[in-house]
Amino acid sequence: FGQMGAMFDWSKKVVTCDPEYYRWNQWFFIRMFERGLAYRKESFVNWDPVDQTVLANEQVVNGRGERSGALIERRLMPQWHFKITDYADELLDFSGLDWPERVKVMQTNWIGRSEGAEVTFHSEPGDPITVFTTRPDTLWGATFMVLAPEHPLVDELTTPERRAEVEAYVDRASRMSELDRQAEGKEKTGAFIGAYAVNPVNDARIPIWIADYVLMGYGTGAIMGVPAHDERDFDFARRFGLDVVPVIQPEGAPLDGAAMTEAYTGDGVMANSGPFDGTPSGKEGNAEGIRAVTHWLEERGIGTGKVTYRLRDWLISRQRYWGTPIPMLYCERCGIQPEKDENLPVVLPDDVAFMPTGESPLKTHAAFLEATCPSCGGPATRETDTMDTFMDSSWYWFRYLSPHRDDAPFDRALVERWTPVDTYTGGIEHAILHLLYARFFTKVLRDLELVDIDEPFLRLRNQGMILGEDNEKMSKSRGNVVNPDALVAEYGADAVRTYLMFIGPWDQGAPWSYQGIEGVTRFLGRVWSVVLDPAEADGRADDTSLRDLRRAVHTATRAVTEDFEAFQFNTAVAELMTLQNAMAKAKNRALTQTDAWREAQRTLLLLLAPIAPHLAEELWERIGQGGSVHLQPWPEYDPDALVQDTITMAVQVNGKVRGQIQVPPDADKDAVLESARSEPNVARYLDAGTVQREIVVPGKLVSFVVR
RNA sequence: GCCGGGAUGGCGGAAUCGGUAGACGCAGCAGACUUAAAAUCUGCAGCCCGCAAGGGCAUGCGGGUUCGAGUCCCGCUCCCGGCACCA
């Protein structure tokens with residue numbers, strides 16, 4: 001970065017593995033624990049066998065650990081979580097944020113809000129089994145139930161004659177990795193547990209199955225099977241010979257359960273549904289059917305309206321040594337206790353013995369483990385899990401403002417002055433990890449009354465990726481990697497910077513081109529000569545040339561300013577090239593002794609400075625300007641300088657351009673039409689028929705309709 | 001499968017409140033300078049027909065609206081990215 005001319009204020013540096021920083025991770029953790037936002041719970045978690053730690057859902061990609069790439073296993077373990085689900089609805093609200101659509105969509109999908117109802121069935125022995133459904137209007141079509149293999153009722157409900165098969169299935173499911181489960185794809189597997197349930201709306205006796213397509217971590221871990229109107233349930237029913245009973249009939253040919261080849265998920269009219277027969281219903285346009293059934297279920301105490309999210313609480317524990325120690329203690333008498341604030345930071349010991357098993361060395365470090373219960377003063381054992389490193393990045397921008405304060409995580413006044421962050425740039429890979437956690441954490445800090453803002457980053461932009469010259473992602477194996485250090489050594493930082501801005505739209509990226517950077521290098525060379533080389537003027541300074549120069553300068557000032565604000569750096573560079581070309585022309589007209597020329601020189605350098613800082617600074621000094629170019633006010637454009645003596649308007653006949661006219665910018669409609677009609681080529685076409693309509697778009701064109 | 005974003009000259013890309021498509025640059029061609037080359041400078045340049053004037057065709061494909069469509073509407077194709085049995 002240094003070589004590229006980037007500048008940093010190192011006095012604001014933060015080091016997240018320094019106790020000076022992570023003590024505040026611990027302090028926040030304790031505040032969250034006090035509010036019930038941090039809690040310890042035994043649940044099925046993602047276990048990375050290579051890194052020997054659990055991972056958050058957000059850190060599992062296609063069934064593999066985000067860092068290690070190892071196949072993730074499911075384990076039942078007690079772990080610390082942050083209650084991000086409490087904020088699910090608020091996190092779905094992006095109003096006031098100027099963020100890329102795709103990031104908002106990704107977060108929305110990740111949170112996965114579903115409206116529906118919970119409905120309670122009962123097994124024949126009497127246990128209530130609650131299911132979640134988004135289609136309560138299809139309840140009458142439920143012909144079976146499916147529990148997740150891990151569902152707590154499986155063991156109790158399984159009949160003796162089915163036990164062997166069921167246990168084998170549960171065992172197999174528990175051993176399979178997430179990826180293996182997914183690899184089985186649409187081919188459904190499952191086992192009948194021998195028990196039956198009663199459908200509360202029509203008293204139908206329906207078999208209870210287990211299958212791994214039902215996930216313990218979503219909804220209630222149990223579903224009603226409505227094969228006629230759900231694709232997955234349909235596949236399952238066909239595979240195991242279960243009944244298919246349509247209860248939503250589309251317009252036209254009625255469905256026949258025995259003959260259906262796929263589930264019908266569209267809208268229709270309820271049938272076979274007791275009091276609701278004939279009610280229009282479906283997900284698309286007829287949600288009132290769903291609402292009516294939900295209301296009916298609530299009146300009868302069978303079910304309730306319910307919103308379910310895909311989002312799970314943020315699993316914050318890690319079994320790694322490197323990380324912020326979770327500041328909690330286990331006391332035999334008092335249970336789980338937070339460490340006292342005055343004992344923070346709980347420091348990571350540096351005299352640990354790493355084990356060949358990969359297990360965290362904290363687990364066997366006696367001095368670390370031994371602690372005193374803050375409640376009773378008796379002996380306690382310290383928590384050995386550390387925090388996910390995304391904790392560090394969830395609030396660092398607040399800390400930047402006052403990185404060394406030791407009495408508070410940050411300076412409140414500075415936070416109010418500087419946050420939220422106006423513009424945040426970064427890679428799309430943070431779309432649902434860092435950016436979701438950071439939003440959550442900001443809202444938590446707000447609720448802890450530590451900050452006054454709801455969102456951390458107002459405007460977000462994702463940069464595109466520079467590809468290899470072969471238009472493929474750069475990689476060592478492809479041999480298409482372009483090394484920035486070598487480029488800076490060969491072309492200089494300014495040329496590399498300018499080309500990276502010019503290569504294409506900043507948020508889109510583009511393939512690298514050595515010929516392209518040569519072109520930009522030539523441009524910077526021309527900037528040097530146009531500013532410094534003595535003029536070889538053979539022309540004479542005239543008013544028109546002078547006005548042309550001033551117009552070029554002020555047009556560029558406006559365009560570059562607007563482009564910068566819109567992150568359109570490629571067109572900003574193009575505007576600077578246009579200005580340089582205009583200046584080269586002016587130079588040949590002997591304008592170099594004029595004020596307009598000196599303004600042009602200054603403006604070119606001021607506009608170029610953010611892109612090619614070294615060149616701009618050097619030239620700024622050489623033309624005798626005082627101070628640094630980077631400390632000057634940004635130039636403003638003069639609207640009067642943009643006005644032209646004459647403008648060119650296109651003339652169309654029946655939609656085709658047949659000529660151009662030069663008119664004063666303030667010419668009235670009749671004058672413009674007169675000029676257009678007298679253009680010889682236009683006249684030819686007008687004479688061929690009768691003019692039906694005359695359209696004048698001021699400053700743009702004239703259009704004749706001729707029949 | 002669902003969701004999001006794209007498709008414009010030989011190449012990277014401009015132009016989207018509908019108003020002269022191809023700014024700027026790369027590559028290319030011609031010329032100047034040079035003994036020559038490089039560098040630099042000047043000019044030309046979407047494709048087709050034409051000496052020219054000019055005309056025709058053109059923004060992934062097929063329709064539509066409009067005086068006028070890269071831009072709006074309907075129906076497709078392909079490419080990139082995300083999610084993926086979430087009930």
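Extent along the principal axes, Cα only, for the range A:534-619: 40, 26, 17 Å, with the longest axis given first.
Can you tell me what the convex hull of the Cα atoms of the range A:153-263 projects to on average, as an area in nm²?
Numbers: hull surface 32.7 nm².
That works out to 8.2 nm², a quarter of the Cα hull's surface.
Ranked by the mean number of other Cβ atoms within 10 Å of their residues, highest first, the peptides A:135-142, A:160-167 fall in the order A:135-142, A:160-167.
Evaluating 6.51 cos²θ - 1.76 cosθ + 1.60 at θ = phi - 60° for every residue in the range A:439-446, the Karplus couplings come out as 5, 4, 5, 4, 5, 5, 4, 4 Hz, glycine and proline recorded as x. Heavy-atom surface analysis with a 1.4 Å probe gives the range A:556-707 a carbon and sulfur content of 47 percent of its accessible area.
In this rough spin-label picture, where each label sits 7 Å from Cα along the Cβ direction, the A:Asn62-A:Lys476 distance is 2.1 nm.
Are there any GluC sites (Glu not before Pro) in the range A:498-591 that are in a DSSP loop and have at most 10 other Cβ atoms within 10 Å? List them by number. Walk me through the numbers before you get to the answer.
Numbers: sites: A:Glu518, A:Glu536, A:Glu562, A:Glu565, A:Glu575; in loops: A:Glu536.
Passing both the DSSP loop test and the Cβ count: A:Glu536.
The modelled label-to-label distance between A:Leu467 and A:Thr120, using points 7 Å beyond Cα along the C-beta direction, is 5.8 nm. Could you work out how much longer the chain between A:Phe44 and A:Glu90 gets when fully extended? Use 0.36 nm per residue separation minus the Cα distance between them, nm to one decimal. Between A:Phe44 and A:Glu90, full extension yields 13.9 nm more. Between the Cα long axis of helix A:163-175 and the first principal axis of chain A there is an angle of about 30°, rounded to the nearest 10.
Packing-based ranking of A:114-126, A:347-359 yields A:114-126, A:347-359, ordered from highest to lowest mean Cβ neighbour count within 10 Å.
Per-residue 3J(HN,Hα) values for the range A:467-473, derived from phi via the Karplus relation 6.51 cos²θ - 1.76 cosθ + 1.60 with θ = phi - 60°, read 8, x, 4, 7, 6, 10, 4 Hz in sequence order (x marks Gly and Pro). Against the empirical 2.2 N^0.38 Å (N residues), the range A:105-172 has a Cα radius of gyration ratio of 1.43. Averaging 1/r over every pair of different alpha carbons in the range A:241-306 and inverting the result gives a Kirkwood radius of 12.9 Å. Rolling a 1.4 angstrom probe over the range A:10-133 with all protein chains present gives an accessible area of which 48% lies on carbon and sulfur atoms. Considering only the Cα atoms of the range A:493-533, their convex hull presents on average a projected area of 3.1 nm².
When peptides A:469-479, A:270-280 are sorted by average Cβ neighbour count within 10 Å, with the highest value leading, the order is A:270-280, A:469-479. Applying 1/(1 + (r/R0)^6) with r as the Cβ-Cβ distance of A:Gln644 and A:Val347 and R0 = 51 angstrom yields a FRET efficiency of 0.15.
The alpha-carbon of A:Lys700 sits under 20 angstrom from the alpha-carbons of these lysines, leaving out residues fewer than 8 places away in its chain: A:Lys656, A:Lys669.
Sorting A:Val105, A:Val653 by accessible area puts them as A:Val105, A:Val653; the probe is 1.4 Å, largest comes first, and only protein heavy atoms count. Could you tell me the relative contact order of chain A? Use alpha-carbon pairs under 8 Å, at least six residues apart, and round to a whole percent. Rounded, it is 11 percent for chain A. Taking only the Cα atoms of the range A:1-47, the ratio Rg/Rh comes out at 1.25, with Rh defined as the Kirkwood radius. Remark on A:Trp512: its backbone amide H falls under 5 Å from those of A:Leu467, A:Gly468, A:Glu469, A:Asn471, a criterion applied only to residues 5 or more positions apart or on other chains, H modelled at 1.01 Å from N. The radius of gyration of the Cα set in chain A, together with its Dmax, comes out at 35.0, 107 angstrom.
Measure up A:Lys188/A:Lys473; A:Lys104/A:Lys473; A:Lys13/A:Lys473 against 27 Å on the Cα-Cα distance and list the ones that go over. Mind dumping the intermediate values first?
Numbers: A:Lys188/A:Lys473 37 Å; A:Lys104/A:Lys473 25 Å; A:Lys13/A:Lys473 32 Å.
Flagged as over cut-off: A:Lys188/A:Lys473; A:Lys13/A:Lys473.
In this rough spin-label picture, where each label sits 7 Å from Cα along the Cβ direction, the A:Leu433-A:Arg312 distance is 1.8 nm.
Measuring between their Cα centroids, the range A:609-638 and the range A:417-476 lie 31 Å from each other.
Stretched out straight at 0.36 nm per residue, the stretch from A:Thr108 to A:Glu298 would grow longer than its current Cα-Cα span by 65.5 nm. Averaging over all projection directions, the Cα-based convex hull of the range A:482-605 occupies 8.1 nm² in the image plane. Two numbers describe the Cα atoms of the range A:393-513: Rg and Dmax, which are 19.2, 54 Å. Hydrodynamic estimate: the Kirkwood radius of the range A:570-699 over Cα pairs, inserted into Stokes-Einstein at 10 °C and 1.306 mPa s, corresponds to D of 86 µm²/s. For A:Ala204, the residues 5 or more places off, or on other chains, whose built amide H falls under 5 Å of its own are A:Asn199. Rounded to whole numbers, the Karplus 3J(HN,Hα) couplings from phi for the range A:69-80 are x, 6, 5, 7, 9, 9, 9, 8, 9, x, 9, 7 Hz, using 6.51 cos²θ - 1.76 cosθ + 1.60 with θ = phi - 60°, and x at Gly and Pro.
Taking amide H positions as modeled 1.01 Å from N, with prolines and chain starts lacking one, the residues under 5 Å from A:Ile336 and 5 or more places away or on another chain are A:Cys331.
Which net charge results when you count Lys and Arg as +1 and Asp and Glu as -1 among the other residues whose beta-carbon is under 12 Å from that of A:Ser675? Don't skip to the end; give the middle numbers.
Working: positive: A:Lys669, A:Arg677; negative: A:Asp668, A:Asp670, A:Glu674, A:Glu679.
Computed value for this residue: -2.
Solvent-accessible area per residue for the range A:1-42 at a 1.4 Å probe radius, Å²?
Details: 2560 Å² over 42 residues.
Here the residues of the range A:1-42 average 61 Å² of exposed surface.
Charges only on Cβ, +1 for Lys and Arg, -1 for Asp and Glu: so what's the dipole of chain A about the Cα centre, in debye to the nearest 20?
That gives a dipole near 1120 debye.
To the nearest µm²/s, what D does Stokes-Einstein give for the range A:1-105 at 10 °C and 1.306 mPa s, using the Kirkwood radius over alpha carbon pairs as Rh?
Details: Rh = 17.6 Å.
Using the Kirkwood radius from Cα pairs, D works out to 90 µm²/s.
The values are calculated or read from the model by the stated rules, or taken from the named source; none is laboratory data. From a predicted model like this one, the values you see are computed outputs, not experimental measurements. Positions of Cβ are backbone-derived with ideal geometry, glycine not excepted, and every protein chain shown enters the neighbour counts. Just the protein is used for accessible areas: all its heavy atoms, side chains included, with ligands, DNA and RNA removed. Shrake-Rupley method; radii C 1.70, N 1.55, O 1.52, S 1.80 Å.
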